[in-house]
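**Q** The structure under discussion is supplied below as structure tokens; questions concerning it will follow.
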Amino acid sequence: MTIATATSMTSRERVLAALRREPVDRTPLCNPTSVATVELMDLVDTPFPAANREPELMARLAATGYTELGFDTIMPVFSIIQESSALGCKMQWEQKDNWPTVRMSEPIWEDLDDIVIPNDFLTHPDMACVLEAIRILKKEYGDEAAIVGKTMGPWTLGYHCFGVERFLLMSLDDPAKTKACLERMTEATVRFGVAQMEAGADALCLPDHATGDLVSGEYYERYLKDLHTELVERIPIPLILHICGRTVDRMDFIAETGMAAFHYDSKNRAQESMDIVDGRIALVGNINNPETLFAKGPEEVRAEVIENLEAGVQMIGPECAIPLQTPIENLVEIGRTVREWHAAQATKH
Ligand SMILES: [Zn+2]
């Protein structure tokens, strides 16, 4: 990566430059999913589930990623359920120590014609909460930090609304119908994405869980590549695609969609991933959550950060939403390592 000599970039400028694969003063710390933890909830008095449903609490908890952990981004959408709640899915809101989930054992849709986006989709309380949190954060931190929103892709909405099994069976039995369903659900992705852009988001995470353990790279090409390309055209701010798991078999397709970045999992090595995407898209990642950030110490965190920096990965952060019990010490180590690594590089020249 090209490193600019000036160290005068704001966090926001740094992230937006990295998303365009332009020179930066140092590699930005980017969190496209969630860095909420129980410790941070206690620190600013913003417990789950309220912090997923009340905009002031959502914004205050999100801001700790910037103020306490030193990330260059602020990301207020801690879960993946806001749209599904507004579409009518049955919800389990859980308590402070757990993320809210959709009760996928009680799916709401069976067929193409069941897919209806309600008129009050964007004004539903769980959608309005995100939009208001983004407005609050834009007002308070918009000049300094990059405000990143999140809109779920159609594949994930399919899992939530049809149930994983029914949706995957449909994709095997009836590709034409599956494509028609995905197209309809994409309208929800676009509407929420554009609304967040209008509320002040600088970029959006776009999780679409065509994950390595459930579907193949060939599936990604057949069902999602064109839709993701269309999303880039219809939501005109930088999009960060997020797919968990081993995804090297689809990174070549992902790199052709026009997405600004791909948020990648630690099941993929940094260098092999950089080689595949070959400068067509930026990468964000990929510090391991369940083993490293949650259960190991700063030394192991440091090793993974350095592997990413040496491979030229454009933005560094956890691979996915971090476990709620992750120690703050490990999260702070990500930024410390990035700063020290760049300082050491500078003395070499
Ligand atoms: Zn993930």
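Since every read-out is calculated from the coordinates, none of them should be taken as a lab result. None of these values were measured; they are calculated from a predicted model. Neighbour counts run over all protein chains shown; Cβ positions are idealised from the backbone, glycine included.
**Q** Measuring from a point 7 Å past the Cα of A176 along Cα-to-C-beta, which residues in segment 98-129 have an amide N at less than 15 Å?
**A** 112
**Q** I would also like to ask the following. Compare the Cα positions of N330, L157, H342 along the charge dipole of the chain (+1 at Cβ of Lys, Arg; -1 at Cβ of Asp, Glu; about the Cα centre) and return the one farthest towards the positive end.
**A** Projecting each Cα onto the dipole axis, the largest value belongs to H342.
**Q** Taking the 0 to 90 degree range and rounding to the nearest ten, how far is the long axis of helix 298-311 tilted relative to the main principal axis of the chain, both from C-alpha atoms?
**A** Once rounded, one gets 90 degrees.
**Q** Applying 1/(1 + (r/R0)^6) with R0 = 35 Å to the Cβ-Cβ distance of E291 and T347, what FRET efficiency is obtained, to the nearest 0.05?
**A** Once the sixth-power term is evaluated, E becomes 0.60.
**Q** Using the Cα centre as the reference, give the magnitude of the dipole from point charges on the C-beta atoms of the chain (Lys, Arg: +1; Asp, Glu: -1; all else neutral), rounded to the nearest 20 debye.
**A** The calculation lands at about 540 debye.
**Q** Given labels modelled 7 Å from the Cα in the Cβ direction, how far is it in nm from E110 to E230?
**A** 2.6 nm
**Q** Now, a different point. Note the full-extension length gain between R336 and D252 as 0.36 nm times their separation in residues minus their Cα-Cα distance, in nm to one decimal.
**A** Working it through step by step, the gained length comes to 27.1 nm.
**Q** In whole angstrom, note down how far apart the Cα centers of segment 35-92 and segment 99-149 are.
**A** 12 Å
**Q** Cα gyration tensor of segment 1-117, axes a ≥ b ≥ c as square roots of the eigenvalues: rounded (a/c below 1.5), prolate (a/b > b/c) or oblate?
**A** Note, shape of segment 1-117 comes out oblate.
**Q** Using +1 at the C-beta of Lys and Arg and -1 at the C-beta of Asp and Glu, which of A195, Y220, T73 has the Cα lying farthest in the positive direction of the dipole of the chain?
**A** Projecting each Cα onto the dipole axis, the largest value belongs to T73.
**Q** OK, next. Can you tell me the orientation of helix 175-199 relative to the chain, as the angle in degrees between its alpha-carbon axis and the longest Cα principal axis, to the nearest 10?
**A** So the inclination is approximately 50 degrees.
**Q** How large is the charge dipole for segment 1-105, taken about the Cα centre, if only the Cβ atoms of Lys, Arg (+1) and Asp, Glu (-1) carry charge, to the nearest 20 debye?
**A** With Lys and Arg at +1 and Asp and Glu at -1, about 380 debye.
**Q** Quick one: S216, S273, S105, fewest Cβ neighbours within 10 Å first, how do they rank?
**A** Fewest-to-most Cβ neighbours within 10 Å comes out as S105, S216, S273.
**Q** Based on the mean of other Cβ atoms within 10 Å per residue, sort peptides 174-184, 31-41 so the most packed one is first.
**A** 31-41, 174-184
**Q** Related question: At I306 and H124, where each label point lies 7 Å from the Cα along Cα→Cβ, what is the point-to-point distance in nanometres?
**A** 4.7 nm
**Q** Quick one: compute a quarter of the convex hull surface over the Cα atoms of the chain and quote it in nm².
**A** Answer in nm², one decimal: 15.7.
**Q** What order do you get for 16-24, 114-122 when each peptide is scored by the mean count of other beta carbon atoms within 10 Å, highest first?
**A** 16-24, 114-122
**Q** Now a separate question. Taking R0 as 30 Å, what's the FRET efficiency between W93 and E144 from their Cβ-Cβ distance, rounded to 0.05?
**A** Efficiency, rounded to the nearest 0.05: 0.40.
**Q** Here's a follow-up. For every helix of n ≥ 4 consecutive DSSP H residues, a contribution of -39,500 (n - 2.57) applies; sum these over the chain, divide by its total residues, and give [θ] at 222 nm rounded to the nearest 500 deg cm²/dmol.
**A** Here the helix-only value at 222 nm equals -13500 deg cm²/dmol.
**Q** Return, for the Cα atoms of segment 84-241, the radius of gyration and Dmax in Å, separated by a comma.
**A** 15.9, 50
**Q** Quick check on my link table: of K139/K296; K90/K179; K90/K177; K225/K296; K150/K179, which ones sit more than 30 Å apart, alpha carbon to alpha carbon?
**A** K139/K296; K225/K296
**Q** On C-alpha positions alone, give me the angle between the axis of helix 328-348 and the longest principal axis of the chain, in degrees, nearest 10.
**A** Helix 328-348 sits at roughly 50 degrees to that axis.
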